[in-house]
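Note sheet for the following structure.
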Amino acid sequence: MPEFMDPFTGMAPGRKLTARELCRALRMSLSAEQEAINLYEALADATDNALAKKVLQDIADEEREHAGEFLRLINILLPDEAEFLAHGAKEVDEMAAELKPKKAAKKPAAKGRAAKNITK
Ligand SMILES: [Fe+2]
């Protein structure tokens, strides 16, 4: 289970973060944003109060933007991150393509007696 309360979990205090530690902290921050999105959307779904629903969804959407900011920053700080993400996305695209219904092969035109019967 992630530890969201301490952004420096597992890191030595009293010094600046290394690049690797910073990226680890940013990933934890990204996870915290995702957790917040789930929380606010669950609360929005759980109420019939229109104002609360609207405000909670607005906040959830803002958290989605924050998640995008963290992800972008991680991608800038880790040059190979985008490549890993693209590879993962490609794998999912391939699986999705496998599940797509195949187009039916075009049937050859009917010939002979059967074709003549159709036109009667
Ligand atoms: Fe946020």
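Here are some notes:
- Test: residue in region 74-84 that is within 16 Å of the ligand (Cβ to nearest atom), among the acidic types (D, E) and in a helix (DSSP H, G or I): no
- Scanning region 64-120 for residues that are aliphatic (A, V, I, L, M), over 22 Å from R27 (Cα atoms) and modelled with pLDDT under 95 yields A104, A105, A109, A110, A114, A115, I118.
- Residue, farthest from the ligand (Cβ to nearest atom), within region 43-67, restricted to residues that are open to solvent by 40 Å² or more (accessible area, probe 1.4 Å) and within 17 Å of the chain's Cα centre (by Cα): D61
- Region 17-34, residues that are near the ligand (Cβ under 10 Å from one of its atoms) and either touching a Lys or Arg at 6+ places or on another chain (Cβ under 6 Å) or among the charged types (D, E, K, R) (or both): E33
The values are calculated or read from the model by the stated rules, or taken from the named source; none is laboratory data. This one's a predicted model, so the numbers in the text were calculated from it and none came from an experiment. Here Cβ is always computed from backbone atoms with ideal geometry, including for glycine, and neighbour counts include all displayed protein chains. Side chains included, ligands, DNA and RNA excluded: accessible areas come from the protein's heavy atoms. Shrake-Rupley method; radii C 1.70, N 1.55, O 1.52, S 1.80 Å.
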